[in-house]
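Participant: Please read through the structure below; I'll follow up with questions.
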Amino acid sequence: MQITIEGLSKIYPNGHKALDGISLTINDGMFGLLGPNGAGKSTFMRILVTLMKPTVGKITVDGYDIVKHRKHVRSMLGYLPQDFRFFSSLSTREFLDYAARLAGMKAAKERAETVDRMLEDVGLFEARDRLANRLSGGMKRRLGIAQALINHPKLIIVDEPTTGLDPEERIRFRNLLSAISTQDVIIILSTHIVGDISSTCKNMALLNHGHLAYNGSPDDLVSRTRGKVWLIQASEAQYMEINEKFPVISNIPTNNGWEVQVVADDITGYNGRNIAPNLEHAYVYFMEKNLNQWIAN
Ligand code: ADP
């Protein structure tokens with residue numbers, strides 16, 4: 001399974017360029033699409049799930065052009081949008097049965113078996129008779145993924161996977177996705193939360209203002225930030241200056257001033273030392289770099 005994206009741009013009717021010349025290849029496994037609000041993630045997802053056409057560029061899924069072979073591509077797709085809603089009158093089981101019918105499962109017995117197995121897989125079998133819209137946030141997300149998976153898609157797209165989930169539900173949801181990402185399946189997670197990416201994705205892309213700021217593994221992104229993360233011992237007088245000058249990760253008060261974590265190429269003039277980068281540092285560093293390049297061009 002492979003997705004290839006060549007020179008993808010999207011200009012909205014009002015003239016706004018939401019995506020600008022994106023080229024990217026996505027292979028089996030979990031892929032993270034990370035970027036701040038407004039970066040173009042939803043636009044990218046909407047094009048990928050064939051709800052919207054690109055202005056320029058070409059995308060193929062498993063060799064099929066998503067514009068020319070829209071129907072076939074749709075049959076391979078499972079999509080969990082950000083604002084996923086349920087019909088208020090349906091129970092959890094009825095809702096999933098409805099989703100299975102929409103996905104084309106006609107035989108009642110086979111459908112019932114598939115629905116029950118899926119409810120088991122996402123840990124909702126016990127809650128099958130509860131009204132879908134009365135489930136907790138985490139359970140709703142799991143029901144959302146269940147409906148996206150019901151027809152065994154090869155491409156699964158999840159928009160902002162952990163929005164509104166507490167930490168425990170977040171981990172459970174992530175593990176659920178990891179378990180699905182076996183061979184010949186691509187799962188794309190679109191998120192602005194760095195933590196959604198770090199633990200699960202083999203590969204990732206960083207989007208910023210419609211541009212591709214990075215494409216590769218999270219580990220490689222982190223290693224490229226080595227030597228760029230600093231812990232500065234700042235006096236009260238330096239504190240404001242540093243916060244204006246550098247992208248700051250954290251400020252911690254000490255007995256005689258502040259301990260400030262920043263990402264920067266160089267901190268000459270301040271008393272600081274390098275510390276090991278993590279994905280959050282790398283994210284801030286790359287976004288800042290890309291933004292500066294973008295402004296310069
Ligand atoms: P993200 O999902 O990363 O937050 P979006 O894809 O929603 O980003 O938006 C990217 C940019 O395109 C934003 O500046 C947004 O305001 C703009 N945008 C989104 N939808 C439309 C639209 N229908 N018409 C015009 N501009 C839009």
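The values are calculated or read from the model by the stated rules, or taken from the named source; none is laboratory data. All of these numbers come straight from a predicted model, not from anything done at the bench. No Cβ is skipped: glycine too gets one built from the backbone with ideal geometry, and neighbour counts run over all protein chains shown.
Participant: Looking at LEU189, is it away from the ligand (no atom under 16 Å from the Cβ), touching a helix residue (DSSP H, G or I) at 6+ places or on another chain (Cβ under 8 Å), on the phi < 0 side of the Ramachandran plot and assigned by TED's automatic domain parsing to the domain that holds GLY21?
Facilitator: No.
Participant: Name the residue that is modelled with the lowest pLDDT, counting only residues in region 136-184 that are hydroxyl-bearing (Ser, Thr, Tyr) and assigned to a loop (DSSP other than H, G, I, E, B).
Facilitator: Ranking the qualifying residues of region 136-184, first place goes to THR182.
Participant: What strands (runs of 3 or more DSSP E) lie completely within region 1-114 and have 3 or more residues being surrounded by fewer than 13 Cβ atoms within 10 Å (Cβ to Cβ) and more than 16 Å from the ligand (Cβ to nearest atom)?
Facilitator: Result: empty, no element qualifies.
Participant: Taking the criterion of being outside the structural domain of GLU288 (by TED's automatic domain parsing), away from the ligand (no atom under 16 Å from the Cβ) and in contact with a Ser or Thr (Cβ under 6 Å, 6 or more places away or on another chain), would at least one residue in region 200-208 satisfy it?
Facilitator: yes
Participant: Would you mind listing the strands (runs of 3 or more DSSP E) fully within region 236-281 where at least 2 residues are among the hydroxyl-bearing types (Ser, Thr, Tyr)?
Facilitator: In region 236-281, the matching strands (runs of 3 or more DSSP E) lie at 248-254.
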